[in-house]
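Only one structure is covered here, and it is reproduced in the block below.
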Amino acid sequence: MKSSVSVSIIAANYNNGRYLPEFIESIINSTILPQELIIIDDGSTDDSLSVLDRFSELNFLKVIRFHQNRGLTSALNAGLDIATGKYIMRADPDDLLLPERIERQFQFMEENPEIDVLGCNVIYFNDRNRKKMNISNFPLCHAEIAETFRRGEHGLQHPTAFVKGDVFRMNRYQKIFPGEDYELFASLVKNGFKFANLPDSLYLMRVHSDSSTSNLKIEAIRQTFEFKDQIFGTNTSASRIYIYYQYMRHYRIYQMTENILVRYFHLLLSTIFYPAKLFRRLRKK
């Protein structure tokens, strides 16, 4: 019998029925189990609810069902409303947890009580062929994570967040989407909460046609920088937003393209738009 720890996992689901079994099984196969897995179904029109019914015998599974689609932030806040764990972990239902993730993040937070929010690196994989695309390289210490958020960039990957329960319950997602994760975490940075990332890759992030990784729009980048300016009192130029968008667009094409020549052409373009990003990555290795 596996032991469980005081961790609430919250995942907002909308039409991810084809991925839910593998997601739930990845949690079942963890080295330790969560106190609760809260899946908020946001008015799905596929077979998500029938898939969730197949797992109804799991004593740690709680399902919240919305009759209509209310949006990601409303769904996540509904999960926060009923989460009872000492820690609250984020995950997305089209992704996978590696077996050690819950145990490793729980142990780190228990041993480092000064940390409020903990992330980890991720392995991005292509849904079509299951091939690994690349591995993230997020900053590890609070100072570097905070500086990343102050630049208008993400200091951790949202679904890897492992947060003190009291902190998460007191700091909710605002209604504007996308950019909800940046707004939440950047506000926590501004208000003095402490961050860290584990260097290990403990999460598998699926890239498919419906994922946010595949559908980057300049409006999302613009919204993120608007949040940055509101939170940190800065004034980001339109040219900075455009350049960062082009960097992100070409880097994601590089991630998703299988043709090696096309891949590295777009990697070159992304580097031209944001050479400092590459230099920082190389300096960490």
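We did not get these values from a lab; they are worked out from the coordinates using the rules stated. Keep in mind that this is a model prediction, so the values were computed, not measured. Note: ideal-geometry Cβ built from the backbone for every residue, glycine included; neighbour counts use all protein chains shown.
The table below lists the values:
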quantity	calculated
Links that overshoot a 28 Å alpha carbon limit, given the list K194/K217; K62/K164; K2/K62; K86/K132	K194/K217; K86/K132
In order through the stretch 25-40: 3J(HN,Hα) via Karplus (6.51 cos²θ - 1.76 cosθ + 1.60), integer Hz, x for Gly, Pro	4, 5, 6, 4, 7, 5, 5, 9, 9, x, 5, 7, 10, 9, 10, 9
Cα-based shape type of the stretch 110-254, given that a ≥ b ≥ c are square roots of the gyration tensor eigenvalues and the cut on a/c is 1.5	oblate
The chain: relative contact order as a whole-number percent, Cα under 8 Å and 6+ apart	17 percent
Percentage relative contact order, the stretch 1-146, counting C-alpha pairs under 8 Å, at least six apart	28 percent
Pairs of Cα atoms farther than 22 Å apart, the stretch 42-144, %	49 percent
Distant-in-sequence amide H partners of N13 (H built 1.01 Å from N, under 5 Å)	I40, D41, D42
Point-charge dipole on Cβ atoms (K/R +1, D/E -1) for the stretch 221-263, about Cα centre, debye to 20	80 debye
Value of Rg to Rh for the stretch 69-117 (Rh from inverse mean 1/r over Cα pairs, i.e. Kirkwood)	1.02
Phi to ³J(HN,Hα) by Karplus 6.51 cos²θ - 1.76 cosθ + 1.60 over the stretch 244-255, Hz, x for Gly, Pro	5, 4, 5, 4, 5, 4, 6, 5, 6, 5, 4, 4
Calculated on alpha-carbon atoms, Rg and Dmax of the chain in Å	18.5, 57
The stretch 57-83 versus the stretch 160-176: alpha-carbon centroid distance in Å	14 Å
Alpha-carbon Rg with Dmax, taken over the stretch 1-47, Å	12.0, 36
For S4, distant residues with modelled amide H under 5 Å away	L33
The chain - charge dipole about Cα centre, Lys and Arg +1 at Cβ, Asp and Glu -1, debye rounded to 20	1100 debye
